[in-house]
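First comes the structure, then the notes that go with it.
Just so it is clear, none of the values below were taken in a lab; they were calculated from the coordinates. Keep in mind it's a predicted model, so treat the numbers as computed, not measured. Heads up, the Cβs are rebuilt from the backbone with ideal geometry, glycines too, and the neighbour counts pull from every protein chain shown.
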Amino acid sequence: MATILNKVKLWYLEKRLTSHEIKLDFNKNYLPIKKKEIDEKYNNKCVMMNLKMKNDLLSYDISLGIKSEFLAQEFETENKHIEHKYHWKKRALVQTLKRKNISAGEELGKLENEKNDLLEEIKSKFYPKSLDETEKEGLEVKYQEIKNSYLEKKNLSTNNYSTKLEKFVSKTDEVIKNYETKIVAIKKQLQTLEVKVDNGILEDGELLRLDHLSMNFGGLKAVDDLSFSVKEGEIFGLIGPNGAGKTTVFNCITRFYKPTFGEMHFKNKLNDITDLNGIVVHNIIKEGIARTFQNVEMIWELNILENLLVAGHTEYRSGFFGHLFNSRLLRQEEVVMKMKAQKILEDLDLFQYAYQYPMGLPYGTLKKIELARTLMVNPNLIILDEPAAGLNDAETEALVKTIRKIRDDYKTTIFLVEHDMTLVMEICDTVCAISFGKKLAIGTPKEIQSSKVVREAYLGGE
Amino acid sequence: MIYQNKMSADRKAKFSAIKHHPYFGFVIITFLMLIVQLLRVSGLDIPVALLRAFGYTMIYIIIALGFSVLLGYGGMASLGTAGFVGIGTYVVGYFTNQHEMSIFLIIIITILGAIIIGAIVGFISLRIEGMYLAIITLGLSEILNEVFKNATTITNGTNGLSLDGIVLFNDAIQVNHNTIFIAIAVIMLFMMIITLNLMKSPTGRALLAMRNSQSAAQALGVSIFKYRLLAFITSTVYALLGGVMYMTYIGFSIPSSWSLAFSLNILAAVIVGGAQSIYGIVLGTFMIFGLNLAVLQQIPLFVQNPAISVVFNGLLIIAVIMFYPGGLIRLIGSIGHQIKLKTQQWKKKRRAYIYGDDPE
């Protein structure tokens, strides 16, 4: 009884811990974004205020003869405008006159005069004659008054801005601290509670372990008593001739198939050992296993950025009604997730495609995008189903680089099935060769290359 | 002069911010729908048939919106829409005529009922796909139709059920048609906004993922069970609400109008317009229902031979599906694009002419 109670308590605490951690992560990510937003708003306000002040002071500027940059610019644009207008008029006149065979001299002179008159008029508007002393003083006083009022307004808004920013920062800091303390407390509780979870199943450094896995389709044994383990942080390759059952193994791990016999254990995001047999297909991603497919599976109606966001689907906290009414939480989450997706795309040199639709993009790029999509959930283990299928040599080389980069930068483990032997031998730390569902050999690429059994399986025996 | 220019630029920026707001178009559509009604209220003599045409169109837009969530996003074709709309109408008729219940309470009851019905149908749909799902929902609709015909105590059988009057809070009131029209317009606006939010949200994306490939969606963490149920429940709620509005506005419901033809018309409206765009759905519904009711019925040729309008609709559907499988909204989009390109070219030519080499 006590053990059952303990287990329930453990489950509850773990659930709370994960939710707190997600909230903490969200707040930490949202802080700089919101700061930037407030900054931008303030800057825009300043620019608008400056513009308004200039507009209000313009007439005074003109009559007082203050030569501001703004004024000079306006003057120039007006001049240009008139020049263009008369250029047009002149061309039209010349053409019509040509048609009528009349010499253009007089008419053109008239036009020139008109133009000069207009230019002078504008000049007098912008640079009027000098004023009397008394008039000038009065104007200057008014000018100063308006300027001062604007400066006061500006000061007020800067004060507002700084207080707003401080308030927001202190508030979120408080929230973050609150969550941190909560998490620490829960962790302490967990330590005292922790009934020894069967850590014995996985050895040190192991991430995934298959024991005696078998999968039968009717009378056919697709996988037959297969067992191996994947270590943390390595690139693990599964090879074999056609029909050896590699993809079946994948589908067993990702729960698309239910294995007839055998156990699979996995160290998930929370460093807990989970039995993969007890998990539903769509929850496998929550444990930290993300996969790609043999033929790219894109969502063709969405652009690349939104395709990435679909993968982040499990990280949203807002519910259906939040989505219906576009709630504030949803909007915040969207911003955070979009930033995350953009960062991943930038890391993999895919940012140029962010707002394009997948239809019509080259196959290699789509494969890369699928790889990027797996990264949205911070996975422990990325499963790649024939990543180099259908790629040319240059694309394969680029793929090797990106796979290595993902392993190093995002600190994940990669498990791949591949036919391209050069890729496997170049990239993998450990290779497992299977044939007809049975394990032939496991070891470093060199060991596999020199193995007799593997050669026989591929090339046939004597 | 300069001063005024600057200020107008400021105002322009504000207006463009409003113009590019995603809900702006919906408000415009609602306003356009309301124009006829407003003219009538202001005293102009406008035929009731024209007014009714706009009312029908708005109700059908709401139903089609729900259907588009199911077909365009969930990727499931259902032919049971008519039955669900029928249920909505009879719920209103039964509860107001026999229990004198408030209309607001009835709306809540219909939403709850729709959730239950949608969940049941969604649960059936879990194991069935494509054409077979359409056949099963068609069967369901026919069963409902038979129920409407034979449950005479509630539905008054094939004679049709007419509404005595709407109960707002306590007493039965003969509510003015004009106010109901305006209320329907407001509800349509609300539904459009909600649907857009849903389509652009993570839920909409998850539905699209499910539509493209179920296995890929599952690998991305989308639960097929949850989202299929969600799509069915959403579309059923829309259909039943449409039924409620139909009964309150028209005041009469007869089983023969909830037959297969109605479901097929809604399907056609969604496909002709474009299943994934709200403007497309509005356009498609107007083409299938509104055009016939509001425009063609005013032309003597069509009034004398009502069959011609059906032929016209059929030809329209064939043309759209042959040349624009994405719906009429694609056609409009491409025309707009062409116009943009042409104006750009023209501007370029003009600029070259002005600033280019002088012929002198």
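What is the calculated FRET efficiency for A:Met359 to A:Glu140, with r their C-beta to C-beta distance and R₀ = 51 Å, to the nearest 0.05? Show your work: numbers first, answer last.
On the way: r = 66 Å, r/R0 = 1.29.
Efficiency, rounded to the nearest 0.05: 0.20.
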Scattering curve values for the stretch A:60-145, log₁₀ I(q)/I(0), Debye with Cα scatterers, q = 0.14, 0.23, 0.25 Å⁻¹: -0.64, -1.07, -1.16
Rg(Cα) / (2.2 N^0.38 Å) computed for chain B, rounded to two decimals: 1.14
Alpha-carbon centroid distance for the pair the stretch B:203-245 / the stretch A:212-239, whole angstrom: 35 Å
Check: the stretch A:68-214 dipole with +1 on Lys, Arg Cβ and -1 on Asp, Glu Cβ, in debye: 680 debye
In degrees, nearest ten, helix A:393-410 long axis to first principal axis of chain A (Cα): 90 degrees
Positive-end residue, the protein assembly as shown charge dipole about Cα centroid, Cβ charges, pick of A:Val249, A:Gly390, B:Ile18: B:Ile18
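What is the ratio of the Cα radius of gyration of chain A to 2.2 N^0.38 Å, where N is its residue count, to two decimals? Let's see the in-between values first.
Working: Rg = 35.5 Å, N = 462, 2.2 N^0.38 = 22.6 Å.
Dividing the Cα Rg of chain A by 2.2 N^0.38 Å gives 1.57.
If Lys and Arg each add +1 and Asp and Glu each add -1, what is the summed charge of the other residues whose beta carbon sits under 15 Å from the beta carbon of B:Phe123?
Details: positive: B:Arg127, B:Lys226, B:Arg228; negative: B:Glu129.
For residues surrounding B:Phe123, the net value is +2.
Over all directions, how big on average is the projection of the convex hull of the alpha-carbon atoms in the protein assembly as shown, in square nanometres? Provide the component values of the computation, followed by the final result.
Numbers: hull surface 225.8 nm².
Mean shadow area of the hull around the Cα atoms is 56.5 nm².
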Among B:Ala183, B:Ala64, B:Ala231: highest mean-square fluctuation, GNM of chain B, C-alpha pairs under 10 Å: B:Ala183
Convex hull per residue volume in Å³, alpha carbons only, for the stretch B:132-256: 147 Å³
Rg and Dmax of the stretch A:319-441, Cα atoms only, in Å: 17.6, 57
Whole-Å distance, taken between Cα centres, linking the stretch B:35-96 and the stretch B:115-178: 14 Å
Leading residue at positive end of dipole, the protein assembly as shown (Cβ point charges), from A:Asn159, B:Gln276, A:Asn29: A:Asn159
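Compute the signed sum of charges (Lys and Arg +1, Asp and Glu -1) over the other residues within less than 9 Å, Cβ to Cβ, of A:Thr247. Show your work: numbers first, answer last.
Working: positive: A:Lys246; negative: A:Asp385, A:Glu386.
Around A:Thr247, the surrounding residues sum to -1.
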All-pairs alpha carbon distance profile, the stretch B:242-306, 10 Å steps from 0, percent: 19, 38, 39, 3
Spin-label zone in the stretch A:18-39 - amide nitrogen under 17 Å from a point set 7 Å from the Cα of A:Thr181 along the C-beta vector: A:20-21, A:24
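Let me spell out the model: positive unit charges on the Cβ of Lys and Arg, negative unit charges on the Cβ of Asp and Glu, origin at the Cα centre of the stretch B:2-322. What dipole size does that give, in debye rounded to 20? Mind showing how you got there, number by number?
Numbers: 14 positive and 8 negative charges, 243 e Å.
The dipole magnitude comes to about 1160 debye.
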Pair B:His99, B:Tyr132: separation of 7 Å Cα→Cβ label points (nm): 3.8 nm
Inter-label distance for B:Ser259 and B:Leu331, nm, one decimal - labels placed 7 Å from Cα along Cα-to-Cβ: 2.9 nm
Positive dipole terminus of the protein assembly as shown, leading residue within A:Trp88, B:Leu316, A:Val8 (C-beta point charges): A:Trp88
Cβ-placed point charges (K, R +1; D, E -1), dipole of the protein assembly as shown about Cα centre in debye, nearest 20: 1100 debye
Shape metrics for the stretch A:109-266, restricted to C-alpha atoms - Rg then Dmax, Å: 40.2, 110
18 Å Cα-Cα threshold exceeded, pairs from A:Lys15/A:Lys182; A:Lys187/A:Lys231; A:Lys343/B:Lys200: A:Lys187/A:Lys231; A:Lys343/B:Lys200
Measure of compaction for the stretch B:243-360 (Cα Rg per 2.2 N^0.38 Å): 1.61
